[in-house]
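Q: Please read through the structure below; I'll follow up with questions.
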Amino acid sequence: AQTIHQWPVAEIKAVGSPLSLGCTIKGKSSPNLYWYWQATGGTLQQLFYSITVGQVESVVQLNLSASRPKDDQFILSTEKLLLSHSGFYLCAWSQVTYEQYFGPGTRLTVL
Amino acid sequence: TQTVSQSDAHVTVFEGDSVELRCNYSYGGSIYLSWYIQHHGHGLQFLLKYYSGNPVVQGVNGFEAEFSKSDSSFHLRKASVHWSDSAVYFCAVSLNSAGNKLTFGIGTRVLVRP
């Protein structure tokens, strides 16, 4: 069975500090991978997707970047956090776009 | 560009009641549709999908959805809700199956009262 793990579970960071969030998928080779951002009580905004190692496409610019260093790993990062980066970050995998499987999420609070 | 709208922000029902959550989309061509559920503080869970064939599709936990091309809709239903169905439900659309953009609606928050 496939499992998806996100780390950390939660972060409290200062404005201007760097950030790195991680996502690992086990039990599935060559999945499509996605990063989403969700404001509190809001809908999901797709940030990035990747269909293969080393290849990442940006969907929306939020002063964030993403990388896929391994087939089963997806990293979201920024050099300088903004207040607007606060929210819930979700990683997902899929074989087809419309059937995605999500991780438990990382709650980010920027102060 | 495809869009998806969920007209009900909040729905309250009693345990054992039926519920229908509405989803309408706008796009002229073929479209892939899906529903997801999100319990508070958790990630989303896939419920069901539709692309072609029988317009009524079955999902997990007794959920089903019906596609209507004439109404541009993909409404989600459950005949008898349980307290554990309290969650936010998201409708989503995609123009292809090959791994890029999935657009979510704003979500409908369902509260099931005992």
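Q: What accessible area per residue, rounded to a whole number of Å², is obtained for the stretch B:3-113 using a probe radius of 1.4 Å? Intermediate results must be reported in sequence, preceding the final value.
A: Details: 5190 Å² over 111 residues.
Normalised by residue count, the accessible surface of the stretch B:3-113 is 47 Å².
Q: Taking the Cα centre of the stretch B:3-113 as origin, sum charge times position over the Cβ atoms of Lys and Arg (+1) and Asp and Glu (-1), and report the length of that vector in debye to the nearest 20. Walk me through the numbers on the way to the answer.
A: Working: 8 positive and 8 negative charges, 55 e Å.
About 260 debye.
Q: So how far apart, in nm, are the two label points at A:K26 and B:S72 if each is 7 Å from Cα heading toward Cβ?
A: Result: 4.5 nm between the two label points.
Q: May I have the convex hull volume per residue, in Å³, for the Cα set of the stretch B:3-113? Present the calculation step by step, with values, prior to reporting the outcome.
A: Numbers: hull volume 11.0 nm³, N = 111.
So the per-residue Cα hull volume is 99 Å³.
Q: May I pose another question? For the pair B:A9/A:H5, report the inter-label distance in nm, with labels modelled 7 Å from Cα in the Cβ direction.
A: 3.9
Q: Can you list residues from other chains, or at least 5 along the same chain, whose modelled amide H is less than 5 Å from the amide H of A:L82?
A: Here the answer is A:G16, since their amide H atoms fall under 5 Å of that of A:L82.
Q: In addition: When the dipole is taken about the Cα centre of the protein assembly as shown, and only Lys, Arg (+1) and Asp, Glu (-1) are charged at their Cβ, what size is it in debye, to the nearest 20? All intermediate terms of the calculation are to be shown ahead of the outcome.
A: Details: 15 positive and 14 negative charges, 72 e Å.
Using only the charged Cβ atoms, the result is roughly 340 debye.
Q: Find which of B:G53, B:H40, B:S26 sits farthest along the positive direction of the dipole of the stretch B:8-114, computed with +1 on the beta-carbon of Lys and Arg, -1 on that of Asp and Glu, about the Cα centre.
A: Working it through, the farthest residue towards the positive pole turns out to be B:S26.
Q: How big is the C-alpha Rg of chain A next to the rule-of-thumb value 2.2 N^0.38 Å, as a ratio? Intermediate values should be presented prior to the final figure.
A: On the way: Rg = 13.1 Å, N = 111, 2.2 N^0.38 = 13.2 Å.
Ratio of Rg to 2.2 N^0.38 Å for chain A: 0.99.
Q: When the convex hull of the C-alpha atoms of the protein assembly as shown is computed, what volume per residue in Å³ does it have? Intermediate results must be reported in sequence, preceding the final value.
A: Working: hull volume 27.8 nm³, N = 225.
With only Cα atoms used, the protein assembly as shown gives 123 Å³ per residue.
Q: Give the calculated FRET efficiency between B:S26 and A:K70 to the nearest 0.05, with a Förster radius of 35 Å applied to their Cβ-Cβ distance. List each step's numbers first, then the result.
A: On the way: r = 38 Å, r/R0 = 1.10.
About 0.35, to the nearest 0.05.
Q: Here's something else I'd like to know. Under a point-charge model restricted to the Cβ atoms of Lys and Arg (+1) and Asp and Glu (-1), what is the dipole moment magnitude of chain A relative to its Cα centre, in debye to the nearest 20?
A: Working: 7 positive and 6 negative charges, 33 e Å.
The calculation lands at about 160 debye.
Q: Could you please state how large a percent of the accessible area of the protein assembly as shown is carbon and sulfur, counting protein chains only and using a 1.4 Å probe? Show your work: numbers first, answer last.
A: Details: 5560 of 10520 Å².
Carbon and sulfur atoms account for 53 percent of the accessible area of the protein assembly as shown.
Q: Across the stretch A:80-96, in residue order, what do the Karplus-derived ³J(HN,Hα) couplings come to in whole Hz, using 6.51 cos²θ - 1.76 cosθ + 1.60 with θ = phi - 60° and x for Gly and Pro?
A: With coefficients 6.51, -1.76 and 1.60, one gets 9, 6, 10, 4, 5, 7, 4, x, 10, 9, 10, 9, 9, 10, 7, 9, 10 Hz.
Q: Run the reach check for A:K13 against lysines, Cα to Cα strictly under 29 Å, same-chain hits fewer than 8 apart removed. What comes back?
A: In chain and number order, the partners are A:K26, A:K70, A:K80.
Q: I'd like to know which of B:F63, A:S86, B:S84 lies farthest towards the positive end of the charge dipole of the protein assembly as shown, counting +1 on Cβ of Lys and Arg and -1 on Cβ of Asp and Glu.
A: A:S86
Q: Check cross-link reach from B:K101 to the aspartates and glutamates: straight Cα distance under 13 Å, and skip same-chain residues fewer than eight apart.
A: A:E57, A:E99
The values are calculated or read from the model by the stated rules, or taken from the named source; none is laboratory data. Quick caveat: nothing in here was measured; it's all calculated off a predicted structure. So basically every Cβ, Gly included, is an ideal-geometry build from the backbone, and we count neighbours across all protein chains shown. Each accessible area value is taken on the protein alone, full model and side chains, heavy atoms only, with ligands, DNA and RNA left out. Shrake-Rupley method; radii C 1.70, N 1.55, O 1.52, S 1.80 Å.
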